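The values are calculated or read from the model by the stated rules, or taken from the named source; none is laboratory data. For clarity, every value in this text was computed on a predicted model and none was experimentally measured. Ideal geometry is used to build each Cβ from the backbone, glycine not excepted, and the neighbour counts take in all protein chains shown. Ligands, DNA and RNA are stripped out before the accessible areas are found, and what is left, the full protein with its side chains, is counted by its heavy atoms. Shrake-Rupley method; radii C 1.70, N 1.55, O 1.52, S 1.80 Å.
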Amino acid sequence: MEELLYLYDSMDRRIKPLSRCGEKFGFYCCGPTVYSYAHIGNFRTFLAADLLYRVLILGGYEPFYVRNLTDVDDKTIAGSQKDGITLTQFTRHWEDVFHRDCVELNLLSPNVEPRAADHIVEQINLIQQLISKGHAYVRDGSVYFAIASWPSYGRLSRIENQELLAAGVTVDDKEAQEDFALWKASKPSDGENFWKSPWGNGRPGWHIECSAMALKYLGKNFAIHGGGIDLCFPHHENEIAQTEAAMGCNLAQLWFHVAHLRVSGEKMSKSLGNLYTVEDIRKTGYLPLELRYALLAGHYRQPLNFTIESLHSSRKALERIGRFCQKLGDVAVANVEMAKEFSRLSSIWKILLQDLNTPEAIGKMFERINGFSWDGLSRDEAVQELSEWQRLFFAFGLESCLASRPIRSIPSEIKEMAEERLRARRRRDFQRADHLREKLEIQGWQVEDFADGYRLY
Ligand code: AMP
Ligand code: ZN
């Protein structure tokens with residue numbers, strides 16, 4: 001049995017061991033609002049969740065992963081109206097765009113990807129329970145959660161009442177200024193976008209969808225709930241209050257929050273207009289998998305400043321890893337399957353199990369590559385080594401990058417340089433040969449010498 005994963009819990013503010021519960025190991029991550037391109041800041045969060053999902057799979061937790069699609073909200077409704085199409089047509093288009101980016105970034109599909117619009121009944125039922133238990137009240141066709149009825153409100157973000165009021169949602173007709181909407185009465189500007197409810201036509205508020213869908217697919221007190229750090233308050237705080245007040249149970253056992261991706265020190269966001277999409281990255285000539293590597297190279301709990309130069313470093317790092325694996329493959333001369341467990345690379349795996357410490361794990365990967373002893377490496381050893389690397393690449397989601405890495409064709413000027421170097425070696429001009437080796441390396445090519453020949457890779 002694999003060792004346990006240790007993960008930081010934002011609720012208790014400490015790192016905790018995760019036990020394999022024997023029942024369904026539920027993991028819920030708040031998904032995208034499908035009204036435009038997701039930016040790479042959003043993807044930082046989804047990539048960290050994907051890393052966690054992969055580590056849970058490898059760690060034998062048998063996770064059941066749910067990531068929702070927020071398709072009912074002000075932005076999706078306004079977008080569909082602007083484009084003159086139905087809400088469903090509009091959100092399906094942006095779902096497809098999101099999924100295309102997910103495929104390019106090699107994100108594993110969640111087990112379920114529920115849409116808010118497909119779960120109106122579940123949301124209405126939950127709201128009814130909240131009303132019947134005295135935690136929600138109706139005002140002019142809208143329903144609000146009564147924060148005063150839930151004394152432990154603010155447990156996750158440890159927010160005080162004054163801050164609450166300052167950050168509160170400013171909707172009229174509420175008992176207390178900080179109460180939030182569970183159901184919003186239909187307004188003329190919503191057009192056709194409303195559903196029937198016991199309180200009249202309207203639509204659910206944003207927070208209730210996650211409570212209702214998490215409950216449906218993962219049940220009570222599931223293992224991990226996650227999202228970007230900005231969701232801590234009010235979204236996750238509200239989810240906790242709704243589920244706990246309605247069901248009398250804990251929502252989740254552990255809260256996983258991902259720090260922001262920044263640009264020039266500011267959060268990357270649509271409102272600040274400082275965002276890059278996956279498409280923007282592609283246009284710079286870098287690959288989505290190079291972006292994946294760059295975004296995972298920082299620890300998920302540390303803010304990460306994004307620069308295009310970081311993609312250049314990713315490219316170099318991936319080429320280095322790719323060359324190492326190609327060389328291992330040359331010795332292995334076999335189709336190598338992913339190892340069932342770690343032995344040679346277990347120290348790197350153990351680092352990942354410590355709160356997904358990717359920067360340190362990557363540091364150790366390069367230590368191993370740089371200090372690798374090729375002398376006398378047998379075929380079996382190469383097979384074992386490579387199969388464990390495959391397992392590690394699965395954790396990082398880089399398996400397809402390396403598996404499909406094309407054998408590079410050698411440009412004529414590189415070939416010429418290598419030929420000149422061979423001639424220098426033949427005439428024992430080793431100074432010239434070393435100089436040419438350096439020039440080749442600067443161009444991204446390694447040269448391996450044989451008695452009277454060489455191999456470029
Ligand atoms: P949204 O589509 O706005 O609902 O956001 C989807 C996810 O992206 C949420 O979990 C957000 O917390 C997260 N997110 C938004 N901006 C950033 C950012 N700059 N860095 C990391 N995560 C972000
Ligand atoms: Zn959510």
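Per the Kirkwood formula on distinct C-alpha pairs, the Rh of the chain is how many angstrom? The partial results should precede the final answer.
Numbers: mean 1/r = 0.0405 Å⁻¹.
Answer for the chain: a Kirkwood hydrodynamic radius of 24.7 Å.
Solvent-accessible area per residue for the chain at a 1.4 Å probe radius, Å²? Don't skip to the answer; put the middle values down first.
Working: 20730 Å² over 457 residues.
The answer is 45 Å² per residue.
Have a look at the DSSP beta bridges in the chain and tell me what percent are antiparallel, nearest 5. Numbers along the way, then the final one.
On the way: 23 of 43 bridges.
Beta bridges within the chain, antiparallel portion: roughly 55 percent.
Scaled to the compact-protein estimate 2.2 N^0.38 Å, what is the alpha-carbon radius of gyration of segment 318-397, rounded to two decimal places?
After normalising by residue count via 2.2 N^0.38 Å, the value is 1.04.
On a 0 to 90 degree scale, rounded to 10, what angle separates helix 74-83 from the longest Cα axis of the chain? The answer is roughly 80 degrees. Per residue, the chain reaches -14000 deg cm²/dmol at 222 nm when only DSSP H runs of four or more residues are counted, each adding -39500 (n - 2.57). On a 0 to 90° scale, report how tilted helix 206-218 is relative to the longest principal axis of the chain, with both axes built from alpha carbons and the result rounded to the nearest 10. On a 0 to 90 degree scale, this one is about 70. Taking only protein heavy atoms and a 1.4 Å probe, the accessible area of the chain is 49% carbon and sulfur. Close amide H pairs (under 5 Å, H built 1.01 Å from N) link Ala136 with Ile131, Ala146, residues at least 5 positions away or on another chain.
Between the helical axis of 308-332 and the longest alpha-carbon principal axis of the chain there is an angle of about 60 degrees. Overall shape: oblate for segment 26-144, with the ratio a/c of the largest to smallest alpha carbon gyration tensor axis at 1.5 or above and b/c at least equal to a/b. Pairs exceeding a 23 Å alpha-carbon distance, out of Lys327/Lys439; Lys82/Lys187; Lys216/Lys350; Lys283/Lys439: Lys216/Lys350; Lys283/Lys439.
For the peptides 208-215, 335-342, 374-381, 318-325, the ranking by mean Cβ contacts within 10 Å, running from highest to lowest, is 208-215, 318-325, 335-342, 374-381. Cα gyration tensor of segment 212-365, axes a ≥ b ≥ c as square roots of the eigenvalues: rounded (a/c below 1.5), prolate (a/b > b/c) or oblate? Verdict is oblate for segment 212-365. Rounded to the nearest 10 square angstrom, Thr88 shows an accessible area of 70 square angstrom against a 1.4 Å probe.
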